[in-house]
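The next block holds one structure in the form of structure tokens; read it before the comments.
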Amino acid sequence: MNMISKKFPAAALIDGQWITSAKTFSVSDPATGAEVATVPDLGAGDATRAIDAARRALPAWSAKTAKERGAILKRWFDLLTAETETLAQLMTTEQGKPLAEARAEVAYGASFIEWFAEEGKRAYGRTIPTTAASKRYLTIKQPIGVVAAIAPWNFPIAMITRKVAPALASGCTIVVKPAAETPLCALAIAKLAMDAGLPAGVLNIVTTTDAPAVGKVFCDDSRVRKLSFTGSTEVGKVLYRQCADTVKKLTLELGGNAPLVVFDDADLDQAVAGAMASKYRNAGQTCVCANRILVQSGIYDRFAAALVEAVKKLVVGPGLEAGTNMGPLISSEAIAKVETLVSDAVKQGAKVLTGGALDAAGPLFYRPSVVGDVTPDMSIVREEIFGPVAALVRFDTEADAIRLANDTPFGLAAYVFTQNLSRAWRVAERLDAGMVGVNEGIFSNEVVPFGGVKESGLGREGAAEGLEEYLEVKYICLGAIDA
Ligand code: SIN
């Protein structure tokens, strides 16, 4: 069989079988353009077969106790953690992020499995005080059923485990479509799940380049009771519409346009560190990356200078090379988008303070950049950059900052830097965002609810809220009680 490495098959997973196909697609290293592996290019029929398998596996899997399911998840966590180095290398090779970030993502991805292995045991129902002497009311929580998940390329492990772990912990079975750019990590962690003792059909992985066809099967099949998607708002809206006919439950983690607000009373070092962490992680390719850095006039020049100094220290290069802390972007389309946004901003009066061009490391490497004198009407702050460019917008008052920050259809993440506690509370409460970092640029982990408002999505992942997404509430009325 075609293998990714000695341990991991380059094959899709349906009903516990590793599936090959005459039609394949190539996965390449964004740092070098070299082919890393080929994997099966499956279609609509295969997606239906995967749903068949997940449906068949559902009764036995959901009948297990949460403790039994948790024990398998715990073994999966142990196996995945033991393979950290292999998985991190694989991730860097197919996605491009520096090895240190890839290792951190393996740990982040594994943390969802460990956490939901326990949280699945806490799917509590309620007893509700009665309104009639002869009746008693209670609720139980039950798995929603077969789940379909569509995962993005920017976090090839964590965005899968953030969906799969709560689904499996709650007793659901699942079919996953990984991104065509990064299927290898998905297949590797699926192999480890099988090694951990996951029964056939509970987890299925459909690799494909035909996302619209496979996505349509997921949406149209009435046996799929829940769709979880992480990706663009544009695609999320299509899936949302397509799921209407079967009235599926949806979790949508969509695009963002995060404001990072730096007030005059911020601690400068804290604000720069927060902006660096939020903006340049994964070369700016996260949904929660600071997309608009709103800086109050009194600190603007000092902040811009300090940010430029910090950005100049970033080392750009292939993620596998020691010392690299920023890798390539995922594709030539991503590069073209960043180049257009920067050149349009410059034409309209913005100034490149550092970067603003391709890096000598290769065609998919863009220099970490800071662009100043950006105004709120420019595309660079109205669209999601998804690249390593910090766009600085000047503002005068707190009211201006809140108005500018909320002037977007998106509402995923926001960041506020101030030493004034009252202002921190006030602004955090007034920002239209699902998540707010106060004096902090990194806030994601397994125990907190990740998700957005407005066109950034529906539902939450991680935390107790993330388990609820895979559960239905059933109300039971016990009648004829002889009181
Ligand atoms: C994302 O970009 O969607 C995920 C980022 C995170 O989990 O912190």
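The values are calculated or read from the model by the stated rules, or taken from the named source; none is laboratory data. Here the structure is a predicted model, which means the values were calculated and not measured. Neighbour counts run over all protein chains shown; Cβ positions are idealised from the backbone, glycine included. Please note that ligands, DNA and RNA were not included when accessible areas were found on the heavy atoms of the full protein model with its side chains. Shrake-Rupley method; radii C 1.70, N 1.55, O 1.52, S 1.80 Å.
Total residues in segment 282-307 satisfying the condition of being within 16 Å of the ligand (Cβ to nearest atom), more than 13 Å from the chain's Cα centre (by Cα) and more than 11 Å from residue 392 (Cβ to Cβ): the figure is 3.
Rundown of residues vs (1) within 16 Å of the ligand (Cβ to nearest atom); (2) part of a loop (DSSP other than H, G, I, E, B); (3) open to solvent by 60 Å² or more (accessible area, probe 1.4 Å), yes/no style:
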| position | (1), (2), (3) |
| --- | --- |
| 387 | yes, yes, no |
| 401 | no, no, no |
| 419 | no, yes, yes |
| 423 | no, no, no |
| 429 | no, no, yes |
| 465 | yes, no, yes |
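Could you please give the count of residues in segment 265-274 that are in a helix (DSSP H, G or I) and buried (at least 22 other Cβ atoms within 10 Å of the Cβ)? Break it down stepwise before answering.
Within segment 265-274, the first condition is being in a helix (DSSP H, G or I), and the residues that meet it are 268-274.
When the remaining residues are screened for being buried (at least 22 other Cβ atoms within 10 Å of the Cβ), the result is 271-272, 274.
Summing the residues that are in a helix (DSSP H, G or I) and buried (at least 22 other Cβ atoms within 10 Å of the Cβ) in segment 265-274 gives 3.
Every residue, every condition in (1) in contact with a Leu (Cβ under 7 Å, 6 or more places away or on another chain); (2) more than 23 Å from residue 152 (Cα to Cα), yes or no:
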{"site": "49", "(1), (2)": "no, no"}
{"site": "66", "(1), (2)": "no, yes"}
{"site": "72", "(1), (2)": "yes, yes"}
{"site": "75", "(1), (2)": "no, yes"}
{"site": "84", "(1), (2)": "no, no"}
{"site": "90", "(1), (2)": "yes, no"}
{"site": "108", "(1), (2)": "no, no"}
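Limited to segment 319-328, what total is found for residues that are open to solvent by 10 Å² or more (accessible area, probe 1.4 Å) and either without any contact (Cβ under 8 Å) to a residue 40 or more places away in the chain or of a type in the set (A, V, I, L, M, F, W, C) (or both)? Give the derivation first.
Going residue by residue through segment 319-328, those that are open to solvent by 10 Å² or more (accessible area, probe 1.4 Å) are 320-325.
Okay, now just the ones that are also either without any contact (Cβ under 8 Å) to a residue 40 or more places away in the chain or of a type in the set (A, V, I, L, M, F, W, C) (or both), so 320-323.
Result for segment 319-328: 4.
With the requirement that a residue be in contact (Cβ under 8 Å) with a residue 12 or more places away in the chain, part of a helix (DSSP H, G or I) and of a type in the set (Lys, Arg), what does segment 329-370 give you? Selection gives 337 alone. Residues that are open to solvent by less than 10 Å² (accessible area, probe 1.4 Å) and of a type in the set (A, V, I, L, M, F, W, C) were ranked within segment 141-158; the one that is nearest to the ligand (Cβ to nearest atom) is 158.
The rows are residues; the columns are (1) touching a residue at least 60 places away in the same chain (Cβ under 8 Å); (2) within 23 Å of residue 192 (Cα to Cα).
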position: 19; (1), (2): no, yes
position: 23; (1), (2): no, no
position: 26; (1), (2): no, yes
position: 37; (1), (2): yes, yes
position: 51; (1), (2): yes, yes
position: 54; (1), (2): yes, yes
position: 61; (1), (2): yes, yes
position: 67; (1), (2): no, yes
position: 71; (1), (2): no, yes
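Residue 285 meets the conditions (1) in contact with a Lys or Arg (Cβ under 8 Å, 6 or more places away or on another chain); (2) surrounded by 20 or more Cβ atoms within 10 Å (Cβ to Cβ) in every case but one. The failed one is (1). Out of 252, 294, I need the residue that is in contact (Cβ under 8 Å) with a residue 12 or more places away in the chain, more than 30 Å from residue 29 (Cα to Cα) and buried (at least 19 other Cβ atoms within 10 Å of the Cβ). Which one? Step by step, each of 252, 294 is checked, and only 294 is in contact (Cβ under 8 Å) with a residue 12 or more places away in the chain, more than 30 Å from residue 29 (Cα to Cα) and buried (at least 19 other Cβ atoms within 10 Å of the Cβ). The set of residues in segment 159-188 being within 16 Å of the ligand (Cβ to nearest atom) and either small (Gly, Ala, Ser) or free of Cβ contacts under 8 Å to residues at least 24 places away in the same chain (or both) consists of 165, 179, 186.
For every residue, the table says whether it meets (1) in contact with a strand residue (DSSP E or B) (Cβ under 6 Å, 6 or more places away or on another chain); (2) open to solvent by 10 Å² or more (accessible area, probe 1.4 Å).
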site	(1), (2)
15	no, yes
21	yes, yes
29	yes, yes
52	no, yes
95	no, no
99	no, yes
114	no, yes
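Among the candidates 75, 103, 56, single out the residue that is within 18 Å of the chain's Cα centre (by Cα) and surrounded by fewer than 19 Cβ atoms within 10 Å (Cβ to Cβ). Before the answer, list the steps.
On the way: 75 fails: within 18 Å of the chain's Cα centre (by Cα); 56 fails: within 18 Å of the chain's Cα centre (by Cα).
Of the residues listed, the single one that is within 18 Å of the chain's Cα centre (by Cα) and surrounded by fewer than 19 Cβ atoms within 10 Å (Cβ to Cβ) is 103.
Within segment 437-452, being open to solvent by less than 50 Å² (accessible area, probe 1.4 Å) and away from the ligand (no atom under 12 Å from the Cβ) holds for one residue alone: 439.
Looking at segment 246-278, which of the residues that are of a type in the set (D, E, K, R) and more than 14 Å from the ligand (Cβ to nearest atom) is nearest to residue 434 (Cα to Cα)? Write out each step before concluding.
From segment 246-278, those of a type in the set (D, E, K, R) are 248-249, 253, 264-265, 267, 269; that's our starting set.
Pick out the ones that are also more than 14 Å from the ligand (Cβ to nearest atom) and you get 248-249, 264-265, 267, 269.
On the way: 248: 22, 249: 19, 264: 25, 265: 24, 267: 24, 269: 26 Å.
Step by step, filter segment 246-278, then rank; the result is 249.
Answer yes or no as to whether residue 85 is open to solvent by 50 Å² or more (accessible area, probe 1.4 Å) and either more than 14 Å from the ligand (Cβ to nearest atom) or hydroxyl-bearing (Ser, Thr, Tyr) (or both). Lay out the reasoning, then the answer.
Numbers: open to solvent by 50 Å² or more (accessible area, probe 1.4 Å): yes; either more than 14 Å from the ligand (Cβ to nearest atom) or hydroxyl-bearing (Ser, Thr, Tyr) (or both): yes.
The answer is yes for residue 85.
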